[in-house]
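Here's the structure, in structure tokens; my notes come after.
The values are calculated or read from the model by the stated rules, or taken from the named source; none is laboratory data. Please read all numbers here as calculations on a predicted model, not as lab measurements. Glycine gets a Cβ as well: all are built from the backbone with ideal geometry, and neighbour counts include every protein chain shown. Note: accessible area is taken over every heavy atom of the protein model, side chains too, but ligands, DNA and RNA are not part of it. Shrake-Rupley method; radii C 1.70, N 1.55, O 1.52, S 1.80 Å.
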Amino acid sequence: MAYGETAAGAGSIRDDFDFMLGDWDVDVTHYSEDGAASRQLEGRWSAKASLGGRIIEDHFIQKVDGVDDAAAYSLRTYCEKTQRWEMLFLWAGQPATGLIGFVGNRVDNEMHLDLQQMGPDGMVILVRIRFFDITVDSFSWEDSMSRDNGVTWFPSLSLKLRRSAN
């Protein structure tokens, strides 16, 4: 499937992201543009359903040396009209002109969300988020970017999540 193309979702506004509901411990890996892992950190992620399951809201906290360092907040909802998931995303503490909007759907046993945005240098950046290896007690998440209209991609951030015992 080409960048930005999403298959029609199942239409269930409650099922596709149910796997991520709850509290999670996170192993965080940041990457440089050459694909090399540049930092290994820890974090936590929490997600809950609101409005009878019509909205999934989550927040991610990254820790450096045990101290909260960065945070991201997301809201997801399934749009019946477009038959795709819509996600608003905001990193706390970074320059942003507004909320960042992703769209996407389930592709086989994964969730895929895409975004096109302007970088600080005015160049278009394509971003893909993928949720995969989904089980009851774990899942993986990765963010990849392209600065050449999808010709080449590099990983930006990956997360390995385990259901929290707390």
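So the values come out like this:
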quantity	calculated
Positive-end extreme of charge dipole, the chain - chosen from 83, 38, 138 (charges on Cβ)	83
Accessible area of the chain divided out per residue, in Å², using a probe of 1.4 angstrom	56 Å²
GNM top mover of 65, 16, 25 - the chain, alpha-carbon springs below 10 Å	65
The chain, relative contact order [Cα under 8 Å, separation at least 6], %	21 percent
Segment residue 151-residue 100, length gained on full extension (0.36 nm per residue, minus Cα span)	16.1 nm
Ordering of 125-138, 32-45 by packing [mean C-beta count within 10 Å, highest first]	125-138, 32-45
Efficiency of FRET from Cβ geometry, residue 48 and residue 165, R₀ 22 Å, rounded to 0.05	0.75
Environment charge of residue 91, counting only residues whose C-beta is closer than 12 Å and scoring Lys/Arg +1, Asp/Glu -1	-2
Cut-off 12 Å between beta-carbons: net charge of the residues surrounding residue 138, Lys and Arg +1, Asp and Glu -1	-1
P(r) tail fraction, the chain - alpha-carbon pairs more than 20 Å apart, %	52 percent
Most fluctuating residue given options 48, 81, 63, as computed from a GNM of the chain linking Cα atoms under 10 Å	81
Directionally averaged projected area (convex hull, Cα atoms, the range 17-97), nm²	7.4 nm²
Within the range 13-157: Cβ-based charge dipole about Cα centre, in debye rounded to nearest 20 (Lys, Arg +1; Asp, Glu -1)	520 debye
Range of Cα positions in the range 71-166 per principal axis (Å), largest first	43, 33, 27
Computed over the range 12-84: relative contact order in percent, which uses C-alpha pairs under 8 Å that are six or more apart	24 percent
